[in-house]
Amino acid sequence: MRSPILLEPPVTRWECGSCSYKDVTRTHGPHSRFHPCAGLGGLTAPMVPEGESRKVTTLEREDYIGGEDVQYANGRPVMQTVTEHDDGHTDVIVYAPTAHSRSVG
């Protein structure tokens, strides 16, 4: 009877494109890594594999905010963060506003 062979999960080293934060994951299969980024005013931001070139852009909200709860970075309302990778693909995080409801009666 054969013993099962346990394979070590691959090590992926991550870095942020907007601050100096780095991390390591050990996971089988494709996965992503995010963190609250100090360089983006605390917004949740994607990380990229270490050494990969990328461009991170944060876009401000251009619509009327009114009474909605929106994400802010450095005092400005933010709509999305776009990460452009060196292989041509892009990742987008959309910071959707929070809706409120109230009972009428």
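P(r) tail for the chain, what percent of Cα pairs lie past 25 Å?
On the way: 2039 of 5460 pairs.
That tail contains 37 percent of the Cα-Cα pairs.
For an R0 of 41 angstrom, estimate the FRET efficiency from the Cβ-Cβ distance between LYS55 and THR98 and round to the nearest 0.05.
Values: r = 29 Å, r/R0 = 0.70.
Efficiency computed from Cβ-Cβ geometry: 0.90.
Electrostatic bookkeeping for PRO97 treats Lys and Arg as +1 and Asp and Glu as -1; over the other residues with beta carbon under 12 Å from its beta carbon, the sum is -2.
Basic side chains Lys and Arg get +1 at the Cβ, acidic Asp and Glu get -1 at the Cβ, and with that the dipole of the chain about its Cα centre reaches some 380 debye. For GLY17, the residues whose amide H sits under 5 Å from its own are VAL48, ignoring neighbours fewer than 5 places away on the same chain, with H placed 1.01 Å from N.
Each of HIS28, HIS85 was scored by other Cβ atoms within 10 Å of its Cβ. Arranged with the fewest first, they read HIS28, HIS85. Amide H contacts of ARG33 (H built 1.01 Å from N, in plane; Pro and chain starts excluded): MET47 sit under 5 Å, all sequence-distant by 5 or more or on other chains. The residues packed around GLN71, meaning those with a beta-carbon under 15 Å from its beta-carbon, carry a net charge of -3 if Lys and Arg are +1 and Asp and Glu are -1.
Values quoted throughout were computed directly from the atomic coordinates according to the rules given, and no laboratory measurement underlies them. Keep in mind it's a predicted model, so treat the numbers as computed, not measured. Reconstructed Cβ throughout: ideal geometry from the backbone, glycine too, with neighbour counts over all protein chains shown.
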